[in-house]
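First the structure, in the form of structure tokens, and then the observations on it.
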Amino acid sequence: MKKGSKRLATTSGIIISVVFLYLAFRDLKAEQFWSSIHTVKVQLLLLAVPTYFIALTVIALRWQYLLRAVRLIPLRSLAELVTICYMGNGVYPLRAGEALRIYLLRRNHNVPLASATATVMVERAFDGVVMLSFIMFSLLFIDIQSAEVGTIVSIATPLFVGAVMVFFLLAAKPALMRKLISGASRFLPSRLETLVNHLGEDMIVGLAGLRTPTLLLGAVISSYVTWAIEAAVYWIVMFAFGLDLGFTVALLIIGAVNLAGVVSAAPGQVGVYEFVVSTILIALGTSAPIAAGYAVVVHLVIWIPTTLFGFLLLLRQGMDFADIRRARELEQALS
């Protein structure tokens, strides 16, 4: 992405965050907000933290399934890269953590950039479909009138379902993908044409996991397991606030808030996250102060430990925060 486009996207993301923060907290008084947090059961928050790290480990397992057709990477190594990725996404805009983990996978394990990128793109498409299915399932048991949820579903459904269908088509028909890449690159200078075709072959390899039934099944199952575990984090924090709303509400919230993330380029979905979570809880009859307090606390439970631990892991990799910002330049340097 060019510097001008990147700056525009970053600025737009920040503006979106500010607008949604205003919408989430515009009618809330400070004393009501702090009162809602004051009674939270801290011991349950401490239980939620390791639960979230279990979810990250299962995410790494899914990535291992998708990468196995390229190279078998130890789960511990992938778990470290996933944690670093989440930390990077939480502190820098434009999901810079994704580029960082692709770079580190190339640097540490010599996995081609295009192959790694293909697996990450498949992950994001899988995540979208899982979130949609969580929302659809939860709405079978929850009576909620929320225009925001309907808007999120209507925008996300064609986007993610379409992406999954395209990935499966290209994975099942590598010859078709080669033909498309060859046709698009033949108008380029010969050196650039060779590079594009080479990257195309790496992407075909990266999608190979979708052609292997056992690897595909492992990736699909782990996708649902990891997000169900993360939904358990939301559920635990509900109990910390004294909210007895049921696990299906946690599934609805996690589905809606992650799908809403596609509209925000700001770090950690700040603003959009709080607005979506509090809006759903208020629609279910929760008071505005408690809904806002819950949204902020569950966001911090997910963000703070991951950021701190992810940064320690980043230091172990011989890198620092500046390298997150430069992730895409580092990625290009290895290509």
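The values are calculated or read from the model by the stated rules, or taken from the named source; none is laboratory data. None of the values given here were measured: they were computed from a predicted structure. For neighbour counting, all protein chains shown are included, and Cβ atoms are generated from backbone atoms with ideal geometry for every residue, glycine included. The protein model used for the area step is the full one, side chains on, heavy atoms only, and it has no ligands, DNA or RNA in it. Shrake-Rupley method; radii C 1.70, N 1.55, O 1.52, S 1.80 Å.
Here are the numbers:
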quantity: One residue from Arg76, Arg62, Arg68 being modelled with pLDDT of 90 or more, open to solvent by less than 30 Å² (accessible area, probe 1.4 Å) and not β-branched (Val, Ile, Thr); calculated: Arg62
quantity: Subset of region 24-36 [in a helix (DSSP H, G or I), surrounded by 16 or more Cβ atoms within 10 Å (Cβ to Cβ) and among the aliphatic types (A, V, I, L, M)]; calculated: Ala24
quantity: Residue ID - farthest from the chain's Cα centre (by Cα), chosen from residues in region 217-249 that are closer than 27 Å to Leu66 by Cα and among the small types (Gly, Ala, Ser); calculated: Gly218
quantity: Region 39-55 residues that are assigned to a helix (DSSP H, G or I), paired with ones that are open to solvent by less than 40 Å² (accessible area, probe 1.4 Å) and not β-branched (Val, Ile, Thr) (beta carbon under 6 Å, 6 or more apart); calculated: Leu44/Ala240; Leu45/Ala240; Val49/Pro305; Thr51/Ala232; Ala55/Glu230
quantity: Tally, over region 126-162, of residues that are of a type in the set (A, V, I, L, M), under 20 Å from the mean Cα position of the chain (by Cα) and open to solvent by 30 Å² or more (accessible area, probe 1.4 Å); calculated: 5
quantity: Scan of region 232-241 for residues that are open to solvent by 10 Å² or more (accessible area, probe 1.4 Å) and free of Cβ contacts under 8 Å to residues at least 60 places away in the same chain, ordered by number; calculated: Trp235
quantity: Only listed residue being assigned to a helix (DSSP H, G or I) and modelled with pLDDT under 90, chosen from Tyr273, Tyr294; calculated: Tyr273
quantity: Members of region 208-231 that are open to solvent by less than 10 Å² (accessible area, probe 1.4 Å), farther than 12 Å from Asp127 by Cα and either of a type in the set (A, V, I, L, M, F, W, C) or in contact with a strand residue (DSSP E or B) (Cβ under 7 Å, 6 or more places away or on another chain) (or both); calculated: Ala231
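The rows are residues; the columns are (1) more than 25 Å from Ala231 (Cα to Cα); (2) within 22 Å of the chain's Cα centre (by Cα); (3) among the aliphatic types (A, V, I, L, M).
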residue: Val18; (1), (2), (3): yes, yes, yes
residue: Ala30; (1), (2), (3): yes, no, yes
residue: His38; (1), (2), (3): no, no, no
residue: Thr57; (1), (2), (3): no, yes, no
